[in-house]
Each structure stands twice: as structure tokens, then as C-alpha cells.
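Each remark here refers to the structure printed beneath this line.
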Amino acid sequence: MRLLLVEDDLDLAKGLVLALSSQGFAVNHVSLGQHALSSIKARDCDAVILDLGLPDMDGLDVLKQSRQKDTHLPVLVLTARDGVDDRIRGLDLGADDYLVKPFAMPELFARLRVIERRMGTAATHLIKLQQVELDTSAHLARVDGETVNLSRREYMLLKELMESAGRIKTREQLEASLYAWGEEVASNALEVHISNLRKKLPKDFIKTLRGVGYSVSATPASV
Ligand code: CA
């Protein structure tokens with residue numbers, strides 16, 4: 001996988017390039033947002049590791065503009081900032097995941113493996129995670145091989161979460177996916193649907209990230 005590393009802290013960048021190369025990634029490093037955008041425009045990377053604090057522009061603007069050029073390019077955001085606002089804004093703008101500095105290298109590798117796996121499985125209509133299987137052509141879910149009875153909204157939420165396994169979906173994104181299907185969404189509707197959905201799924205299958213959103217672990221089906 002060809003990675004574009006956008007990071008203006010040169011010491012950190014040097015360390016990251018070494019570590020990522022040792023893991024078999026081809027890494028192209030740039031320090032400026034404008035250079036990142038040219039590289040993305042030229043489509044010479046498969047995924048982006050993007051620092052938010054850049055000297056020439058806000059990393060979130062790089063993210064926004066890169067989404068206009070290529071909506072499928074995976075972006076992992078690096079942030080040194082406190083608070084959840086930037087992370088939520090990043091996720092809302094289409095970041096796949098984020099890491100807060102300082103982070104451990106194995107954590108970064110793990111996130112990149114999730115992205116790699118997702119890129120490899122995006123074309124199939126069957127998603128299997130732990131004991132849960134989602135069939136997006138038949139619009140149904142199975143737990144341990146048994147079909148579970150889901151309402152339309154529950155199915156839609158589960159699909160959103162499982163298609164983005166390993167990354168966080170914010171409340172706004174999940175609500176937007178319900179709206180997109182012409183559903184009226186009351187203020188606490190999301191919690192109610194998630195709670196109902198949880199009763200039909202294995203314990204802890206859907207994780208809550210308090211104040212941020214929900215996620216499903218990217219652990220594949222056990223053999
Ligand atoms: Ca920086």
C-alpha cells in the first residue's frame with residue numbers, strides 16, 4: 001500500500017517513514033497541505049496519514065478538499081489537539097479514523113491494517129464480523145447463522161456500522177443515514193434504535209464512544 005504522510009514535524013515524520021517502511025509500506029512524505037493535495041490529485045497514494053496542524057493550511061481543509069477529489073481515499077487523521085471537537089469534525093468530513101499524539105507505532109500499524117482490510121473487502125456483499133453476518137444484497141443479518149428480525153432502521157444502522165467496522169461513526173453520520181432514507185428522526189431516536197439493535201446482537205458488538213458516536217470492531221469472523 002502506498003501511503004502519503006502529511007506531517008510538518010520533521011523528526012516525527014522521519015521516525016514514521018522509517019517505521020512504516022519497515023512494515024512494507026511505500027511512504028511519500030510531504031510537510032505542506034498544498035503538496036498533499038497535489039499528490040492526492042495525481043492519485044499516487046492509496047491512503048493518507050494526515051496531521052491536522054500544518055504550516056500552510058488547516059489539515060481539516062486538506063481533508064475536505066481531498067474528499068472532493070476522491071471520496072474513497074482512506075484518510076487517517078493525526079491530531080495533537082485536546083477535546084473531541086476536531087475529531088468529530090474530522091470524522092464528519094470523512095476521515096476514516098484518527099490517532100491522538102503521542103501514539104504508539106503498533107497502534108498506527110493496527111489502524112492501517114484495518115484500512116487495508118477494508119480496501120480489500122469493499123466489493124463483497126457479505127460482511128462477517130465475529131458471529132454477525134450482514135448480507136447487503138438480501139438486506140438481512142444473521143447471528144451464528146440464524147436470521148435476526150431487524151426493523152428497516154435497525155438494519156440501516158447496522159449496515160452503516162458494519163461497513164465502517166473499525167472506525168467510529170458519529171451520531172450525526174448515523175442520523176444522516178436514516179434521514180437519507182426519508183426517515184423522520186426524533187432527538188433520542190438514534191439511542192432507541194441502537195438500544196433495540198443491541199438486544200438482537202452479541203453483547204458488546206456495538207461499542208459506544210461517549211460523546212462521539214458508535215463503532216463495531218473490525219475483528220473478522222472466527223473460524
Ligand atoms: Ca503539525
ask   = Got a sec to turn the phi values of segment 155-164 into Karplus ³J(HN,Hα) couplings, 6.51 cos²θ - 1.76 cosθ + 1.60 with θ = phi - 60°, whole Hz, x for Gly and Pro?
value = 4, 4, 5, 4, 4, 4, 5, 6, 5, 10
message = If exposed means no more than 14 neighbouring beta carbons inside 10 Å and the site is in a DSSP loop, what's the longest run of the chain without any exposed chymotrypsin sites (Phe, Trp or Tyr not before Pro)?
response = 1-102
task = Find the relative contact order for the chain and round it to a whole percent, using C-alpha pairs within less than 8 Å whose residues are 6+ positions apart.
result = 14 percent
inquiry  = If the reach is capped at under 22 angstrom between alpha carbons, list the lysines near Lys159, excluding any in the same chain fewer than eight residues apart.
reply    = Lys128, Lys169, Lys199, Lys200, Lys203, Lys207
remark   = Taking protein heavy atoms only, a 1.4 Å probe, and rounding to whole percent, the accessible area of the chain owed to carbon and sulfur comes out at 51 percent
message = Can you return the lysines within cross-link range of Lys14? Criterion is Cα-Cα under 28 Å, with same-chain partners fewer than 8 residues away left out.
response = Lys41, Lys64, Lys69, Lys101
remark   = Probe 1.4 Å, heavy atoms of protein chains only: per residue, the accessible area of the chain in Å² is 51 Å²
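The values are calculated or read from the model by the stated rules, or taken from the named source; none is laboratory data. Quick caveat, the model's predicted, so the values are computed rather than measured. FYI the Cβ positions are ideal-geometry reconstructions off the backbone, even for glycines, and counts take in every protein chain you see. The protein model used for the area step is the full one, side chains on, heavy atoms only, and it has no ligands, DNA or RNA in it. Shrake-Rupley method; radii C 1.70, N 1.55, O 1.52, S 1.80 Å.
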